[in-house]
Amino acid sequence: MIAACPSVRHVAAVTGAAMALLVLQGCATPPKPYDYTAYKEAKPASILVLPPINGTPEVQATPSVMAQVTQPLAESGYYVLPVSLVDETLKSNGMHTPDDAQQIPAAKLREIFGADAGLYVKVSRYGSVYKVLNSETAVTLEAKLVDLRNGQLLWEGSASASSAEQNSNTQGGLIGLLVKAVVDQIISASTDRSHPMAGLASQRLLAAGRPNGLLFGPRSPNYGKP
């Protein structure tokens, strides 16, 4: 028995759909590369990290992030002014909130601290969200690097980290999911699970060499590389 051949109309339809898909795939373009012209001309060697603005209801967001941004910057080849000294200096001059600190003119920051560039950070997400069967702890950071010598924007970016990235399927059905949800909520209530997520988000945001991320600083052996 001979199988029926597909009709010409059917073959044409399938071929047309395949060609349309190829055209759509060909039109998809990767993210536009960041323009580092001003960054490369400025060649910042030292960075002043201003207290992060907290856009969340969690009061520990600012100190948690502030404590973890120095490491990726230093490992990227920059001299980072000690954040505790910066915070103390700002408060002794009447700047008691991150909003106050980030409103100081660039030239004034340059005069006080002598840094080449200032890092302006905002915490737009910090904390845990509880659901019936699971919970998620996530941190999202936004940052701008500004030349304190002339106020020019050198770079800006954002990054996130979430505990959901590490979650695996729980065995045991509905009971297992409920038990896990209860345990997660108890742990989150007794410890700051957002703190390690803030560290991971800081690494993703400020470690040099990532696509459209910061460039390597002059103290790095990779200085001058993309």
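Every number in this text was worked out from the coordinates using simple rules, so none of it is lab data. On a predicted model such as this, the values are computed, not experimentally measured, just so you know. FYI the Cβ positions are ideal-geometry reconstructions off the backbone, even for glycines, and counts take in every protein chain you see.
Cβ-Cβ distance of D99 and N150, R₀ of 35 Å, FRET efficiency by 1/(1 + (r/R0)^6): the value works out to about 0.90.
Computed from backbone phi, the HN-Hα couplings of segment 89-100 come to 5, 5, 5, 5, 9, x, 9, 9, 10, x, 5, 4 Hz, rounded to whole numbers (Karplus: 6.51 cos²θ - 1.76 cosθ + 1.60, θ = phi - 60°; Gly and Pro given as x).
Peptides 47-59, 210-222 ranked from most to least packed, by the mean per-residue count of other Cβ atoms within 10 Å: 47-59, 210-222. Taking 0.36 nm per residue of separation and subtracting the current Cα-Cα distance, fully stretching the chain between R210 and S158 would add 17.5 nm. Distance from the Cα centroid of segment 89-162 to that of segment 34-53 is 13 Å (rounded to whole angstrom). Amide H to amide H distances under 5 Å link V49 with L81, L119, where only residues 5 or more positions off or on other chains count and H is placed in the peptide plane.
Max-minus-min Cα coordinates of segment 27-89 on each principal axis give 48, 31, 18 Å, with the largest extent listed first.
Beyond 27 Å in Cα-Cα separation lie the following of the pairs K108/K225; K40/K122; K40/K108; K43/K91; K32/K108: K108/K225; K43/K91; K32/K108. Near the amide H of E156, within less than 5 Å, lie the amide hydrogens of L145, all on another chain or at least 5 residues away, with H placed in the peptide plane.
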